[in-house]
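Following: one structure in structure tokens, then a few remarks.
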Amino acid sequence: MTRPRLGLDTATDRATVALGDASAVWEHAVLDGARRQAGGLLPLVDGVLRRAGVRIADLAAIVVGDGPGSFTGLRVGWALARGLAHERGIPLHAVPSLMAHARSAALGAGVGTRAVAACFDALRGQVFAGVYRFDGDRVVTLLAPDVLTVADLVRRSPEPPALATGDGAARYADDIARWTGAAPVALGDSAPPAAWSLIALGAEARALTDPATAEPVYGRPAEAQAKWEARHGRPLPHPPR
């Protein structure tokens, strides 16, 4: 029997947890609300494992969303993933969160090999965005994750995607619809959870050889770091990556 992997995605206000292998979701759960993630993520993981009859020691690996996205959400998800991996000696891997959301949206909407964009709200009039094409196990990154205005995203993307997903796409729905020709798509019941796409995208994962010190790709400094640097006129010593 294939040993399952545990996927954790906390890059947005909607956290998802999934258990499975590259071919199927065994069990999954969703937690809405950024303020609930700190106290709710561990019980969510525990519930998924319990319902599947799987122990943490049974896991082949833990796969965590690599960002960019919510600074607080990423820290919560990574703290839990690092703790579990370090304590039990489980391999830890990271996959770009935007890529996972785009893949889930592509599967849910059945767009085949047409391009898909994922956009997370980055505040300040910007989005964290990436554009991808999926062909079976093969992923083509048309636009690597970056922080952009929607106008810059449209200008820099090599082609208009068939659809866009994410809370950033929803926030700028009118601009996104003019670009893609369709309203933004939310990851609902018709799409596999983003956390499972993290598991399925194993070929795109980076191995985190030192879970104790590993950090996600935040996309840009947190508000507190930006304010500190502006006040002191120098970079924050040892900032998160």
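Can you tell which of ALA122, ALA94 is out of contact with any helix residue (DSSP H, G or I) (no Cβ under 8 Å at 6 or more places or on another chain), assigned to a strand (DSSP E or B), among the aliphatic types (A, V, I, L, M) and closer than 21 Å to ALA15 by Cβ?
Working: ALA122 fails: out of contact with any helix residue (DSSP H, G or I) (no Cβ under 8 Å at 6 or more places or on another chain).
So the residue among ALA122, ALA94 that is out of contact with any helix residue (DSSP H, G or I) (no Cβ under 8 Å at 6 or more places or on another chain), assigned to a strand (DSSP E or B), among the aliphatic types (A, V, I, L, M) and closer than 21 Å to ALA15 by Cβ is ALA94.
Would you pick out the residues in the stretch 18-47 that are surrounded by fewer than 18 Cβ atoms within 10 Å (Cβ to Cβ) and either of a type in the set (Ser, Thr, Tyr) or part of a helix (DSSP H, G or I) (or both)?
SER23, ALA34, ARG35, ARG36, ALA38, GLY39, GLY40, LEU42, PRO43, ASP46, GLY47
Any residue at all in the stretch 75-92 that is surrounded by 16 or more Cβ atoms within 10 Å (Cβ to Cβ) and in contact with a Ser or Thr (Cβ under 7 Å, 6 or more places away or on another chain)?
Checking the stretch 75-92: at least one residue is surrounded by 16 or more Cβ atoms within 10 Å (Cβ to Cβ) and in contact with a Ser or Thr (Cβ under 7 Å, 6 or more places away or on another chain).
Of all the residues that make up the stretch 48-77, how many are assigned to a helix (DSSP H, G or I) and touching a strand residue (DSSP E or B) at 6+ places or on another chain (Cβ under 6 Å)?
Selection size over the stretch 48-77: 4.
Tell me the residue from THR2, THR12 that is β-branched (Val, Ile, Thr), assigned to a loop (DSSP other than H, G, I, E, B) and out of contact with any helix residue (DSSP H, G or I) (no Cβ under 9 Å at 6 or more places or on another chain), please. Lay out the reasoning, then the answer.
Numbers: THR12 fails: out of contact with any helix residue (DSSP H, G or I) (no Cβ under 9 Å at 6 or more places or on another chain).
Of THR2, THR12, the one residue that is β-branched (Val, Ile, Thr), assigned to a loop (DSSP other than H, G, I, E, B) and out of contact with any helix residue (DSSP H, G or I) (no Cβ under 9 Å at 6 or more places or on another chain) is THR2.
Would you confirm whether or not the stretch 163-177 contains a residue that is modelled with pLDDT under 95, under 23 Å from PHE71 (Cβ atoms), in contact with a strand residue (DSSP E or B) (Cβ under 7 Å, 6 or more places away or on another chain) and of a type in the set (Lys, Arg)? Let's see the steps before the verdict.
Initial filter on the stretch 163-177 (modelled with pLDDT under 95): none.
No; the residues of the stretch 163-177 include none that is modelled with pLDDT under 95, under 23 Å from PHE71 (Cβ atoms), in contact with a strand residue (DSSP E or B) (Cβ under 7 Å, 6 or more places away or on another chain) and of a type in the set (Lys, Arg).
The values are calculated or read from the model by the stated rules, or taken from the named source; none is laboratory data. Model, not experiment: these values are computed from the prediction. Quick reminder, even Gly has a Cβ in these numbers, built from the backbone with ideal geometry, and neighbours come from all protein chains shown.
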